[in-house]
Amino acid sequence: MRPNRFYDVIRIGPVQVGTFNNGRGQTRHTAACTAPNCDFATEYGKRSAAELAARTHKCTV
């Protein structure tokens, strides 16, 4: 199986938003915080939801 390849990656503050195709052939979007010791990472079906999560994320670290 081919590993996930992220494309259309943008950065909103410390959070990166990227798009990938999962093993079922679906296009998914993820938002993940790159700050040290921050475990924020979520997966969405819509790009707008991932970008909204990135804009509203507040690091607790």
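The values are calculated or read from the model by the stated rules, or taken from the named source; none is laboratory data. Here the structure is a predicted model, which means the values were calculated and not measured. Cβ placement follows ideal geometry from the backbone for every residue including glycine, while neighbour counts extend to all protein chains displayed. These accessible areas exclude ligands, DNA and RNA; they are computed on the full protein's heavy atoms, side chains included. Shrake-Rupley method; radii C 1.70, N 1.55, O 1.52, S 1.80 Å.
Selection within the range 31-41: residues that are in contact with a Ser or Thr (Cβ under 8 Å, 6 or more places away or on another chain) and touching a residue at least 24 places away in the same chain (Cβ under 8 Å). The member of this set that is farthest from residue 12 (Cα to Cα) is 38.
Looking only at residues of the range 1-16 that are charged (D, E, K, R) and surrounded by 10 or more Cβ atoms within 10 Å (Cβ to Cβ), we find that the one that is modelled with the lowest pLDDT is 8.
Taken over the range 21-61, the residue count meeting the criterion of being open to solvent by less than 100 Å² (accessible area, probe 1.4 Å) and acidic (Asp, Glu) is 2. State which residue pairs qualify: first residue under 19 Å from residue 59 (Cβ atoms) and inside the range 1-16, second residue of a type outside the set (Gly, Ala, Ser) and at pLDDT below 90 in any location, beta carbons under 7 Å apart, and separation of 6 or more residues or different chains. From the range 1-16, the pairs are 14/59.
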